[in-house]
1. Taking the Cα atoms only, what angle lies between the long axis of helix B:119-132 and the longest principal axis of chain B, rounded to 10 degrees?
2. Among bridges DSSP assigns within the stretch B:8-230, what percent are antiparallel (round to 5)?
3. Can you tell me the orientation of helix B:178-194 relative to chain B, as the angle in degrees between its alpha-carbon axis and the longest Cα principal axis, to the nearest 10?
4. For the residue pair residue B:29 and residue A:174, what label-to-label distance in nm results when each label sits 7 Å from Cα along the Cα-to-beta-carbon direction?
5. Averaged across A:162-172, how many Cβ atoms of other chains sit within 10 Å of each residue's Cβ atom?
6. Under a Cβ-Cβ cut-off of 11 Å, what is the net charge of the residues other than residue A:79 that fall near it, where Lys and Arg count +1 and Asp and Glu count -1?
7. Cα to Cα, under 22 Å, and not fewer than 8 places away if on the same chain: which lysines meet these conditions relative to residue A:23?
8. Report, as an integer, the average count of C-beta atoms from other chains found within 10 Å of each Cβ along A:151-160.
Amino acid sequence: MAAKQAVLGLVIERPDYGYELAKRLQERCGPWAWSRQAVYKALDELAESKHVRALGAADAASRDQRRTVFEATPTGIDYFGSWMFDQAAMEASRSELELKIVLARPHELPKLIEMTWAHEQQCVDRLAALARQAQAVESGGALSWPDVGEMLVRDIEIKRLRLRVECLQEARRTMQLFLDRTAGPSSRRPRHAG
Amino acid sequence: MSATGPLLSLRQARKSYWRGLRETVVLADVSLDVHAGEMVAVWGRRGSGKTTLLEVAAGLQSPDQGTVSFQGRELTAGRPSLARALNREIGWVQRNGPQSNGMTMVEYVSLPLLGAHSPRMAQRRAVGLLERVGVRDCARQQWDSLTDGERTLVSIAHALVREPKLLIADDPTANLDLLQRAEVMSLLRAAAERKDRAILLTVPDMPEMLNAHQVGSLSEGRLLLSRDDELADVVEFPRRERSA
């Protein structure tokens, strides 16, 4: 999925500055959020294709996106509508870490094992962030669709996180086992539970 | 203990078992703080050492290395005076039910109070607690007639009746359906926040962690805890969707 559709969707909801759009994207899309620069670039492209325009300015491209409020054009709204009904693409199934595991040489495995810990830590941090979000929603008032939609997406993300953590643990154990076996009995390390 | 210090604190705790010449490390260098009013949930696969972590935290097992402190005092397992103190201050949610058959749930929940209170007073408190956890209807029933969900709630009432400062629960949501899990977790969270009580529990699945103040993952003896800052909200992860 490209940043363009996400930014356009937010602009349709409410015209905003580039900086604010990047912030809203972060709040709404969490791990799918793009960097601020990517948001500005998307705004550039959207302005060029006339999907958005700067409020009160004829030529959006010449303005600084950070201080310009963008609104969606009718073309942009149509485009977003047709994207919404396009068949959603399957996500790429391999992460960079998986690619590294496939291409690693044995002496690089200890480094990759450390990398799995770092990734798992990120998963745990992400879970905590999701918990904070969930608690904020629960303590709020009546539910609206964006709230319920976010809840649903949060649930999907937790399932992904769980799978991810399990895969990282499995990868780590397997790499360690491989190292233990190929290193010979003299350098055997204590076994870990699990 | 300072007013802001953690109620429970594990510092570089290590625990391993020996099978013949082979050492199995269950906890390697685990550090953890649980504060009053806070619920900490730890997830791990079966056999990842979750129960050992809870037993070490409760003072039921001593770590091979490192320290465990409760209210600023270091715990050493096996000291009888300490065990008595722990019995009052640390509650453990046990889902085995009463030892003897024929006991009603109000009798079971009031059991921990009988030394210090009259049976009538103990039962009154037990009924109040059963009501608070939402299973007042089970008061006159026996363990065998309860559903898994009711058993869990009764077990929580049994653990809470003495008003422990720290409550420990080992997979309290195991075998429960989605709604029961949500109910148990929000009940526990309320029990932490309302009474400034610390709760340390393990969970069989991750959605339960959404109710916790702090979450952790235990594997290969290492406990990864969520870092307590807002940075995690803006962490760029995972990135692969972006390039797809």
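1. Orientation of helix B:119-132: about 50 degrees from the principal axis.
2. Approximately 55 percent, going by the DSSP bridge assignments.
3. It works out to around 90 degrees.
4. Distance between label points: 2.6 nm.
5. Per residue, the average neighbour count from other chains is 3.
6. Neighbourhood net charge equals 0.
7. Within reach: A:4, A:41.
8. Rounded to a whole number, the mean comes out at 2.
Since every read-out is calculated from the coordinates, none of them should be taken as a lab result. Everything numeric here is computed off the predicted structure, so don't read it as measured data. For neighbour counting, all protein chains shown are included, and Cβ atoms are generated from backbone atoms with ideal geometry for every residue, glycine included.
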